[in-house]
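Asker: First the structure, then my questions, so here it is.
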Amino acid sequence: MNKYEFVTELQKYLTGKVSTYKLQDLTRYYQDYIDTEIKKGRTEEEVIASLGDPRLLAKSIVTAQRNADTTWEEERSESYANEMGRDQEKRTQFMYNGKEVPKWKLWLCGILAIIAIFAVFALVGRVLGFAFVLFFRYVFPLLMPIAAFYLIYVLFFGKK
């Protein structure tokens, strides 16, 4: 059996049992491994014989992959459970740049934000209030006769 036949059989036994990415990665790995061993002075037949039957190799790869996936899932679920427990213990904790912020600083920031909001509303209210005063004192009396004239014109001389 040569390198091409070995890799083709290995792909055949792994297809559908591992992801496409993993299949390409394994194919590349074993091709490179065989080439490296040949460069070291071994024959192609020796290297392939040392790897064994492609069907058994594929079976051991699939088994190892399943064990790794199971272990990873267990670790992930345990890690999630531990994080949830920690989150419930320190539910009121607030972190900034990796450091815990004391509650009094949070309260101070909240109070300052409320004061700033009221200051902005007061300033905007004064500006708008001044604008309303100017509008109703000077502009509105000029616009009323113009608006009345326009309405009368449209009512009597507009399109029929």
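The values are calculated or read from the model by the stated rules, or taken from the named source; none is laboratory data. On a predicted model such as this, the values are computed, not experimentally measured, just so you know. Neighbour counts run over all protein chains shown; Cβ positions are idealised from the backbone, glycine included.
Asker: Working only within segment 120-160, note down all residues that are of a type in the set (K, R) and surrounded by 10 or more Cβ atoms within 10 Å (Cβ to Cβ).
Answerer: Selection gives R126 alone.
Asker: Inside segment 13-91, counting only helices (runs of 4 or more DSSP H) that do not spill past its ends, which hold 1 or more residues that are at pLDDT below 90, under 24 Å from the mean Cα position of the chain (by Cα) and over 24 Å from N2 (Cβ atoms)?
Answerer: 20-39, 54-89
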